[in-house]
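The values are calculated or read from the model by the stated rules, or taken from the named source; none is laboratory data. Everything numeric in this text was worked out from a predicted model, so none of it was measured. FYI the Cβ positions are ideal-geometry reconstructions off the backbone, even for glycines, and counts take in every protein chain you see. SASA here: full protein model, heavy atoms, side chains in, ligands and nucleic acids out. Shrake-Rupley method; radii C 1.70, N 1.55, O 1.52, S 1.80 Å.
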Amino acid sequence: MGTTKTEHFTDTQNEMATLAKAIGHPARIAIIEYLIKVDSCICGDIVNELPLSQPTISQHLKELKNAGLIKGNFEGNAICYCLNEEGFNKIKLFFNHVDNYLENKKNKCC
């Protein structure tokens, strides 16, 4: 079995790759958009919103939570999810860095 090459990259590069992978599925984008729309929710609400089964949505929620893009708290028998500001700030910083580069590169050839 092959070895992973992630050890050849910085922690920041690996973390950004994890974040990008987490938002790299349309169902996860839909979940994030739904959380923005309702400000917080219970897992069952998401199941009613998206055309996916409860186990599938739970798996997507797990991926988003493991990446640090959402957080969840138990409220009775349900888990209430919301966006994790810290995870999205990391994405924002990365894209601000790219944007700054592109702004400074205007009208320059590669």
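Is it the case that I32 is open to solvent by 90 Å² or more (accessible area, probe 1.4 Å), touching a Leu at 6+ places or on another chain (Cβ under 9 Å), outside any strand (DSSP E or B) and touching a residue at least 24 places away in the same chain (Cβ under 8 Å)? When the stated conditions are applied, I32 does not pass them. Take the conditions (1) surrounded by 11 or more Cβ atoms within 10 Å (Cβ to Cβ); (2) free of Cβ contacts under 8 Å to residues at least 12 places away in the same chain; (3) part of a helix (DSSP H, G or I); E63 misses just one of them, which is (2).
Of the residues making up the range 41-59, those that are in a loop (DSSP other than H, G, I, E, B) and open to solvent by 50 Å² or more (accessible area, probe 1.4 Å) are P51, L52, S53. May I ask you to verify whether N100 is surrounded by fewer than 16 Cβ atoms within 10 Å (Cβ to Cβ) and within 23 Å of N14 (Cβ to Cβ)? So N100 passes the test.
How many residues does the range 24-43 contain that are more than 14 Å from C82 (Cα to Cα) and of a type in the set (G, A, S)? Residues flagged as more than 14 Å from C82 (Cα to Cα) and of a type in the set (G, A, S) within the range 24-43 amount to 2.
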